[in-house]
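This report refers to the structure that appears directly beneath it.
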Amino acid sequence: MASWHGQVESTERLTPTLVRVVLGGEGLAGFTVPEATDTYVNVAIPPAGAPYGGVFSPAEVRESHPQETWPARRRYTVRDWDAAAGLLTLDFVVHGDQGAAGPWAASARPGDVLVFEGPGSGYLPDPSADWHLLVGDESALPAIAASLATIPAGARAVVRLVCDGPDHEVALSCPGDLDLVWLHRTGTVEDVDLLADAVADVDFPEGRVHAFVHGEADEIRAIRKHLISDRGVPRADMSCSPYWRRTMTDEAWRAVKRDYVAAMDADVA
């Protein structure tokens, strides 16, 4: 993947745990995004005391520096790319000092530099689908918001989202017929089933659905199995991705994600 860098133009705390960062500058010259609503970039966050900084090449760092000094690599969905203005918008989920990219975003100031690689993508709402199902949590919000903007008038979008409470909700709109329900975590074991139960309760409209289901691993796994086994949704008509997993750090999750996805695929072989 190509390497890019942007300077922080502005930051905005959208919710207690969601920070928007807008990047600009000459380091984005030539940057383009594919025709997709889940376009992502891999941000590169150097560890404290790294023997490099500012603008750097992640590939060159990996080739010439010890692994313990490599930048943390985290994937974030592009919320917006304004090609005319040369501005790239990314939304970061922040949970205190946990992780690498969240704390960076929480403390980012105008003029700070963010290096990233990409872009990549995989999903765009199918205009030939009769209706759309979009399910996730805070980590899926940028892709879901971007997807809703592409769904035309007359098409139905059923959205189920989970967050920590009313002050964690964000405004979402859609040219089509939007059926949006926010679910609020309670901090109990029942949280694990909130999204899956909400999807199971949906009265599926007639016709072919195109589904986007991204978020916490065990929740996404249960919903995917339900859609295929109980609702008869073909695999080709859904995008399902486990972004993170409860009780696991980013690094621990990255180490087992490939095997987890393989097991998830085998659930409904």
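The values are calculated or read from the model by the stated rules, or taken from the named source; none is laboratory data. Note that the structure is predicted; figures quoted are calculated from it, not measured. Heads up, the Cβs are rebuilt from the backbone with ideal geometry, glycines too, and the neighbour counts pull from every protein chain shown.
Select from region 70-117 the residues that are more than 16 Å from the chain's Cα centre (by Cα) and in a helix (DSSP H, G or I) and write down the one among them that is surrounded by the most Cβ atoms within 10 Å (Cβ to Cβ).
Going through region 70-117, the residues more than 16 Å from the chain's Cα centre (by Cα) turn out to be 70-72, 82-87, 96-98, 103-104, 106-115.
Keeping just the survivors that are in a helix (DSSP H, G or I) gives 103-104, 106-107.
Details: Pro103: 16, Trp104: 20, Ala106: 17, Ser107: 12.
For region 70-117, the residue satisfying everything is Trp104.
So, of the residues in region 142-152 that are surrounded by fewer than 20 Cβ atoms within 10 Å (Cβ to Cβ) and modelled with pLDDT of 95 or more, which turns out to be nearest to Trp182 (Cα to Cα)?
Filtering region 142-152 for residues surrounded by fewer than 20 Cβ atoms within 10 Å (Cβ to Cβ) gives 149-150, 152.
Restricting the remaining residues to those that are modelled with pLDDT of 95 or more gives 149-150.
Details: Ala149: 18, Thr150: 21 Å.
Here the answer is Ala149.
Listed here are the residues, each with its yes/no results for (1) without any contact (Cβ under 8 Å) to a residue 60 or more places away in the chain; (2) over 23 Å from Val93 (Cα atoms).
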site	(1), (2)
Ala143	no, no
Ile151	yes, yes
Pro166	yes, no
Pro205	no, yes
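Among the residues of region 256-269 satisfying the criterion of being surrounded by fewer than 12 Cβ atoms within 10 Å (Cβ to Cβ) and among the hydrophobic types (A, V, I, L, M, F, W, C), which is farthest from Ala217 (Cα to Cα)?
Here is the first cut: in region 256-269, the residues surrounded by fewer than 12 Cβ atoms within 10 Å (Cβ to Cβ) are 258-259, 262-263, 266, 269.
Filter once more, keeping what is among the hydrophobic types (A, V, I, L, M, F, W, C): 262-263, 266, 269.
Numbers: Ala262: 12, Ala263: 11, Ala266: 15, Ala269: 18 Å.
If we take residues in region 256-269 being surrounded by fewer than 12 Cβ atoms within 10 Å (Cβ to Cβ) and among the hydrophobic types (A, V, I, L, M, F, W, C), then Ala269 is farthest from Ala217 (Cα to Cα).
Return a yes/no flag: does region 51-69 have any residue that is in a strand (DSSP E or B), crowded, with 16+ Cβ neighbours inside 10 Å and not aromatic (Phe, Trp, Tyr). If you could, list the steps in order and put the result at the bottom.
Quick first cut of region 51-69, residues in a strand (DSSP E or B) only: none.
Looking through region 51-69, none of the residues is in a strand (DSSP E or B), crowded, with 16+ Cβ neighbours inside 10 Å and not aromatic (Phe, Trp, Tyr).
Any idea which residue in region 119-139 is nearest to Cys240 (Cα to Cα), counting only those that are of a type in the set (Gly, Ala, Ser) and touching a Ser or Thr at 6+ places or on another chain (Cβ under 8 Å)?
At the first step, the residues of region 119-139 found to be of a type in the set (Gly, Ala, Ser) are 120-122, 128-129, 136, 139.
Still in the running and touching a Ser or Thr at 6+ places or on another chain (Cβ under 8 Å): 120-122.
Details: Gly120: 16, Ser121: 13, Gly122: 11 Å.
Among them, the one singled out is Gly122.
Specify the residue that is surrounded by the most Cβ atoms within 10 Å (Cβ to Cβ); the eligible residues are those in region 118-141 that are more than 15 Å from the chain's Cα centre (by Cα) and outside any loop (DSSP other than H, G, I, E, B).
Start the filter on region 118-141 by keeping residues that are more than 15 Å from the chain's Cα centre (by Cα), which leaves 125-133.
Subset that is outside any loop (DSSP other than H, G, I, E, B): 131-133.
Details: Trp131: 20, His132: 24, Leu133: 26.
Residue satisfying both the conditions and the ranking: Leu133.
Please determine whether any residue of region 166-178 is of a type in the set (Ser, Thr, Tyr) and farther than 19 Å from Gly215 by Cα.
Of all residues in region 166-178, those of a type in the set (Ser, Thr, Tyr) come to 173.
Subset that is farther than 19 Å from Gly215 by Cα: 173.
Yes - at least one qualifying residue is present in region 166-178.
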